[in-house]
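Everything below concerns the one structure shown next.
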Ligand code: PRP
Ligand code: URA
């Protein structure tokens with residue numbers, strides 16, 4: 001079973017509470033999502049391997065540490081996942097970005113794929129799939145399966161808010177994938193929206209309805 005990491009850091013919780021408020025507008029929502037994306041990326045990358053390198057400071061030669069080649073890829077699930085990408089890239093500017101377009105059919109609640117473009121070496125990278133909302137889990141499960149079907153093996157899932165049902169579903173479908181999340185909410189409503197959640201993340205991010 002994949003691990004579930006819930007980020008209870010006060011800064012993340014504070015920013016998330018502002019995002020949840022219905023009166024928070026798109027500009028502030030976007031800024032906060034990126035800030036939380038950056039803070040979460042700091043923890044998601046905590047175990048990246050390091051290697052020793054010889055360098056020279058203005059004072060003397062020394063042995064110090066740098067990242068050891070395990071390349072990163074960020075894979076937002078369109079649309080709402082896009083809102084976390086810039087924050088992550090501000091910490092890891094060398095990461096490549098792949099895109100998977102999925103929307104949830106309002107009737108069936110099933111994910112429908114409409115776009116995919118991945119880095120050519122995606123299967124050699126540690127991939128962080130990002131989507132603020134993990135509701136039924138259908139979209140995340142489909143996106144991760146999509147990556148696995150293309151040979152990707154090292155995959156992590158980073159979300160903002162999850163429903164218990166969705167988290168359990170991802171863990172069952174992809175037991176090798178660790179989940180990083182800022183909050184686990186109560187449940188889903190009859191439209192498969194997260195309670196209390198923050199509403200429709202894509203619409204709030206891009207000002208659509
Ligand atoms: C939202 C959200 C997730 C999905 C979560 O996207 O960003 O991708 O729903 O629901 P699930 O866990 O039940 O699959 P949506 O389908 O609304 O598309 P959008 O981002 O383009 O608005
Ligand atoms: N997608 C969203 O944007 N919000 C939810 O609560 C569930 C799915």
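Some points to look at:
- Most fluctuating residue given options 189, 34, 154, as computed from a GNM of the chain linking Cα atoms under 10 Å: 189
- Kirkwood Rh (inverse of mean 1/r, distinct Cα pairs), segment 1-59, angstrom: 14.4 Å
- Here the chain carries DSSP beta bridges of which approximately 40% are antiparallel, counting only pairs with both residues inside.
- Kirkwood-Stokes translational diffusion coefficient of the chain, alpha-carbon pairs, 37 °C, 0.692 mPa s, µm²/s: 186 µm²/s
- Computed P(r) (all Cα pairs; segment 17-114; 5 Å bins; percent): 3, 10, 15, 15, 15, 15, 9, 6, 4, 3, 2, 1, 0, 0
- Residue order, fewest to most beta carbons within 10 Å, for 52, 178: 52, 178
- Calculated [θ] (222 nm, deg cm²/dmol) that DSSP helices of n ≥ 4 give over the chain, each run adding -39,500 (n - 2.57): -10000 deg cm²/dmol
- With neighbour counts taken as other beta-carbon atoms within 10 Å, the residues 100, 59 rank, fewest first, as 59, 100.
- Taking 160, 91, 32 as the candidate residues, the one with maximal mean-square fluctuation in a Gaussian network model of the chain, Cα springs under 10 Å, is 91.
- When 152, 60, 187, 116 are sorted by how many other C-beta atoms sit within 10 angstrom of their C-beta, beginning with the fewest, the order is 60, 187, 116, 152.
- Value of relative contact order over the chain, rounded to a whole percent, pairs C-alpha under 8 Å and six or more apart: 24 percent
- Stokes-Einstein translational diffusion, segment 122-209 - Kirkwood Rh over all Cα pairs, 0.890 mPa s, 25 °C, in µm²/s: 183 µm²/s
- Cα point-scatterer Debye curve for segment 100-139, base-10 log of I(q)/I(0) at q = 0.32 Å⁻¹: -1.14
- Using C-alpha pairs below 8 Å separated by at least 6 residues, the relative contact order for segment 15-115 is 24 percent.
Any read-out appearing in this document is the output of simple, stated calculations on the displayed coordinates, not a laboratory observation. Predicted model, so just to flag it, every value in this text is computed and none were measured. Glycine gets a Cβ as well: all are built from the backbone with ideal geometry, and neighbour counts include every protein chain shown.
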